[in-house]
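What follows draws every value from the coordinates through simple rules; no lab data is involved. Here the structure is a predicted model, which is why all the values come from computation and not from measurement. Don't worry about glycine lacking a Cβ; one is built from the backbone with ideal geometry, like all the others, and counts go over all protein chains shown.
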Amino acid sequence: MLPTVADMPSSDTALDSQAEISREILKAREEYAAAGVVETQPRLDYEPYRSSILRHPTKDLHHADPEGVERLAPCFGHLDLDPVEADLTIQHSGDPVGERMVVTGRVLDGDGRPVAGQLVEIWQANAAGRYVHKRDQHHAPVDPNFTGVGRCLTDDDGTYRFVTIKPGPYPWRNHHNAWRPAHIHFSLFGTDFTQRMVTQMYFPGDPLFDLDPILQAVRDQRARDRLVAAYDHDVTSHEWSTGYRWDIVLTGSHGTPMEEPEEEA
Ligand SMILES: [Fe+2]
């Protein structure tokens, strides 16, 4: 499981200013408001997110038989997961640098029922905003005690829980002086690999929200809000970690916005 390259720094020459990108975001918002149609999933073509235009398929998708695919695809089982994989702070010999936190929530279907036994995977930058990935070479330190990947299964109540470090914002080359809000990537596999869904979780009150074309590619404000975790003091523990809560709704009008599978590397 590697970090997605979708929002990694690229080698493209950064030409546009934040002001130009912000103008385009504003224009897209006005167009969305004028259209009067609720659109909760990210746009495939969202001009301020420059590479979005190049990355999605231009031809109709070829639909494969999911059961046929499953005969050849890798599989996972409950025995393949170790509970310690849900703690990203104990994967090395020392403590990682940064704000220790618990991120927990429930995976729910469109009717509010818990989705039990769901494989939830996360990947993220470290506290300095740096990924352990060859394409991330920006000037911030790699933490030798933090890889930034973890996974777990939801319990009978649909609850997942990770212990990790709060990621930092990081620059990317969508435009000049482009910075991503702090976020954690989430992947959910459904009942088999052909049902994989990928999204990102953000932190409340981030000043970069309005400037970020990836988040803004979800054009509905309430849908964007569903990507933002809530600080939860009941999840915070005494002299140990802060706590955030974030529920993931797989379908329906309150569904969590998901990225298109084709966007993943
Ligand atoms: Fe990222």
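Assorted remarks:
- Sites Ala19 and His138, calculated FRET efficiency, Cβ-Cβ separation with R0 25 Å, nearest 0.05: 0.70
- Derived scalar couplings between HN and Hα for region 34-40 equal 6, 5, x, 10, 7, 10, 9 Hz in order, rounded to whole Hz, by the Karplus curve 6.51 cos²θ - 1.76 cosθ + 1.60 (θ = phi - 60°), x for Gly and Pro.
- Highest-MSF residue in the chain out of Val107, Val37, Val218 [GNM, Cα springs under 10 Å]: Val37
- Long-range amide H partners of Arg219 with built H, under 5 Å: Arg43
- Between Ala128 and Gly168, the built amide H atoms are under 5 Å apart, and every one of these is 5 or more places off in sequence or on another chain.
- Zero-based 5 Å bins, Cα pair distances in region 102-152, whole percents: 4, 17, 21, 16, 12, 10, 10, 7, 2, 0
- Distances between placed amide hydrogens fall under 5 Å for Ile248 paired with Arg106, Val107, Leu108, all partners being 5 or more residues away or on another chain.
- Compactness of region 157-265 as Cα Rg over 2.2 N^0.38 Å, two decimals: 1.13
- Ranked from largest, the principal axis spans of the Cα set of the chain equal 47, 45, 36 Å.
- Exposure proxy ranking for His133, His139, based on other Cβ atoms within 10 angstrom of each Cβ and starting from the fewest, stands as His139, His133.
- In sequence order, calculated HN-Hα J values of region 212-224 (Karplus, 6.51, -1.76, 1.60; Hz; x Gly/Pro): 9, x, 5, 5, 6, 5, 7, 7, 8, 4, 5, 5, 4
- Residue with peak Gaussian network fluctuation, the chain [Cα springs, cutoff 10 Å], from Gln137, Gln124, Gln216: Gln137
- Contact order for the chain, expressed relative to its length and based on alpha carbon pairs under 8 Å spaced 6+ residues apart, stands at 27 percent.
- The GluC sites (Glu not before Pro) of region 70-153 that meet both conditions, a loop assignment by DSSP and at most 16 other Cβ atoms within 10 Å of the site Cβ, are Glu99.
- Rounded to two decimals, the Cα radius of gyration of region 64-194 over 2.2 N^0.38 Å is 1.20.
- Highest-MSF residue in the chain out of Asn145, Asn177, Asn126 [GNM, Cα springs under 10 Å]: Asn177
- With neighbours defined as other Cβ atoms within 10 Å of a residue's Cβ, the residues Trp246, Trp179 order from fewest to most as Trp179, Trp246.
- Mean Cα-pair separation over length for region 105-173, i.e. relative contact order, pairs under 8 Å, 6 or more apart, %: 43
- The label point for Leu79 and the one for Arg222, both projected 7 Å from the Cα toward the Cβ, are 4.7 nm apart.
- Region 168-263: relative contact order as a whole-number percent, Cα under 8 Å and 6+ apart: 22
- Here the 3J(HN,Hα) profile of region 86-92, calculated from phi with Karplus coefficients 6.51, -1.76 and 1.60 at θ = phi - 60°, is 7, 10, 7, 9, 10, 8, 9 Hz, Gly and Pro shown as x.
- The Cα atoms of region 126-200 define a convex hull whose projected area, averaged across directions, is 6.5 nm².
- Reach of Lys27 by Cα under 28 Å, taken over lysines that are not fewer than 8 positions away in the same chain: Lys59
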